[in-house]
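J.: This is the structure I want to talk about, given as structure tokens.
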Amino acid sequence: YWDLRVLFSGLDDKVFDQSPGEEDWSLRDILYHILEVEWAFYGVVRYAFQLAGTKPEWQLGLLPRDFMNSHFEEEGHFHESVFNGDFRTMFGFYDQLHTRILEDLKDLPDAKLAEMVAFWEPQPMPARFRLIRFESHIRQHSIQAQKNLDQFGIKSSEIKQLLRAAAQSF
């Protein structure tokens with residue numbers, strides 16, 4: 001999250017919407033995907049550790065599709081207006097979601113990370129696996145965003161590189 005904040009700092013909307021190539025994502029597309037991934041990860045963990053079994057249709061060990069739809073639309077307020085605006089609006093939305101996720105998950109005990117959590121695979125996976133996979137997925141898209149900036153000829157200053165390195169140690 002902080003690495004992305006530094007990486008995207010100082011950009012304008014014109015760059016945000018450019019694609020470096022026909023098959024490449026724009027920075028907007030990358031950020032949109034990261035938002036979806038982070039909110040989906042939170043939904044999986046939230047369902048498994050807070051909500052599964054609280055309604056008859058919300059069984060343990062299963063992740064119902066209607067839960068994720070509600071999680072995104074009603075709980076997360078994922079509306080097109082957020083994603084069609086300027087990148088400051090989109091990052092403001094990300095700031096709110098990220099803060100909410102951190103606040104909600106900060107007290108999750110380490111022992112819970114060994115518990116099996118269902119998502120889209122045919123078998124449940126340990127929550128620790130999901131957390132590590134989530135981190136690597138976000139890192140992959142940070143690299144993709146840096147590649148875009150490199151292709152646009154946007155050089156990273158020494159201070160920006162130091163801030164990114166510091167952010168990665170959080």
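The values are calculated or read from the model by the stated rules, or taken from the named source; none is laboratory data. Note that the structure is predicted; figures quoted are calculated from it, not measured. We place every Cβ from the backbone using ideal geometry, glycine too, and count neighbours over all the protein chains shown. The protein model used for the area step is the full one, side chains on, heavy atoms only, and it has no ligands, DNA or RNA in it. Shrake-Rupley method; radii C 1.70, N 1.55, O 1.52, S 1.80 Å.
J.: Please determine, by comparing only the residues of the range 94-114 that are part of a helix (DSSP H, G or I) and among the basic types (Lys, Arg), which one is farthest from Leu51 (Cα to Cα). Before you say what the answer is, go through the steps one by one.
T.: Filtering the range 94-114 for residues part of a helix (DSSP H, G or I) gives 94-105, 110-114.
Filter once more, keeping what is among the basic types (Lys, Arg): 100, 112.
Numbers: Arg100: 17, Lys112: 14 Å.
This residue is Arg100.
J.: Please go through the range 1-12 and give me each residue that is more than 19 Å from the chain's Cα centre (by Cα) and surrounded by fewer than 15 Cβ atoms within 10 Å (Cβ to Cβ), ordered by number. It would help to see each step written out before you state the result.
T.: Initially, the range 1-12 is screened for residues more than 19 Å from the chain's Cα centre (by Cα), giving 10-12.
Of everything in the range 1-12, those that are more than 19 Å from the chain's Cα centre (by Cα) and surrounded by fewer than 15 Cβ atoms within 10 Å (Cβ to Cβ) turn out to be Gly10, Asp12.
J.: Quick check, is Val15 in contact with a helix residue (DSSP H, G or I) (Cβ under 6 Å, 6 or more places away or on another chain) and either of a type outside the set (S, T, N, Q) or surrounded by fewer than 16 Cβ atoms within 10 Å (Cβ to Cβ) (or both)?
T.: Working: in contact with a helix residue (DSSP H, G or I) (Cβ under 6 Å, 6 or more places away or on another chain): no; either of a type outside the set (S, T, N, Q) or surrounded by fewer than 16 Cβ atoms within 10 Å (Cβ to Cβ) (or both): yes.
No: the conditions fail for Val15.
J.: Could you check the range 69-84 and list, in sequence order, the residues that are at pLDDT below 90, within 15 Å of the chain's Cα centre (by Cα) and open to solvent by 30 Å² or more (accessible area, probe 1.4 Å)?
T.: If the condition is that a residue be at pLDDT below 90, within 15 Å of the chain's Cα centre (by Cα) and open to solvent by 30 Å² or more (accessible area, probe 1.4 Å), then no residue fits.
J.: If a residue has to be without any contact (Cβ under 8 Å) to a residue 40 or more places away in the chain, open to solvent by 70 Å² or more (accessible area, probe 1.4 Å) and hydrophobic (A, V, I, L, M, F, W, C) to count, how many in the range 132-170 make the cut?
T.: Within the range 132-170, residues that are without any contact (Cβ under 8 Å) to a residue 40 or more places away in the chain, open to solvent by 70 Å² or more (accessible area, probe 1.4 Å) and hydrophobic (A, V, I, L, M, F, W, C) number 4.
J.: Of the conditions (1) closer than 30 Å to Gly153 by Cα; (2) surrounded by 18 or more Cβ atoms within 10 Å (Cβ to Cβ); (3) β-branched (Val, Ile, Thr), Val37 satisfies every one except a single condition; which number is it?
T.: (2) is the only condition that Val37 fails.
J.: Based on what the data block shows, is Leu163 over 30 Å from Pro64 (Cα atoms) and not basic (Lys, Arg)? Before the answer, list the steps.
T.: On the way: over 30 Å from Pro64 (Cα atoms): yes; not basic (Lys, Arg): yes.
In short, yes.
J.: So which residues in the range 85-105 are touching a helix residue (DSSP H, G or I) at 6+ places or on another chain (Cβ under 9 Å) and either open to solvent by 90 Å² or more (accessible area, probe 1.4 Å) or among the hydroxyl-bearing types (Ser, Thr, Tyr) (or both)?
T.: Answer for the range 85-105, where residues must be touching a helix residue (DSSP H, G or I) at 6+ places or on another chain (Cβ under 9 Å) and either open to solvent by 90 Å² or more (accessible area, probe 1.4 Å) or among the hydroxyl-bearing types (Ser, Thr, Tyr) (or both): Arg88, Thr89, Tyr94.
J.: In the set Asp17, Asp29, Asp12, Asp66, which member is at pLDDT below 90 and within 29 Å of Ser157 (Cβ to Cβ)?
T.: Details: Asp17 fails: at pLDDT below 90; Asp29 fails: at pLDDT below 90; Asp66 fails: within 29 Å of Ser157 (Cβ to Cβ).
Among Asp17, Asp29, Asp12, Asp66, only Asp12 is at pLDDT below 90 and within 29 Å of Ser157 (Cβ to Cβ).
J.: Sticking with this one: Within the range 49-81, take every residue that is touching a Leu at 6+ places or on another chain (Cβ under 9 Å) and among the hydrophobic types (A, V, I, L, M, F, W, C) and give me the one that is nearest to Met116 (Cα to Cα).
T.: Result: Phe49.
J.: Still on this structure: If you go through the range 52-60 one residue at a time, do you hit one that is within 15 Å of the chain's Cα centre (by Cα) and open to solvent by less than 80 Å² (accessible area, probe 1.4 Å)? Quick ask: steps written out before the conclusion?
T.: From the range 52-60, those within 15 Å of the chain's Cα centre (by Cα) are none; that's our starting set.
Among the residues of the range 52-60, not one is within 15 Å of the chain's Cα centre (by Cα) and open to solvent by less than 80 Å² (accessible area, probe 1.4 Å), which makes the answer no.
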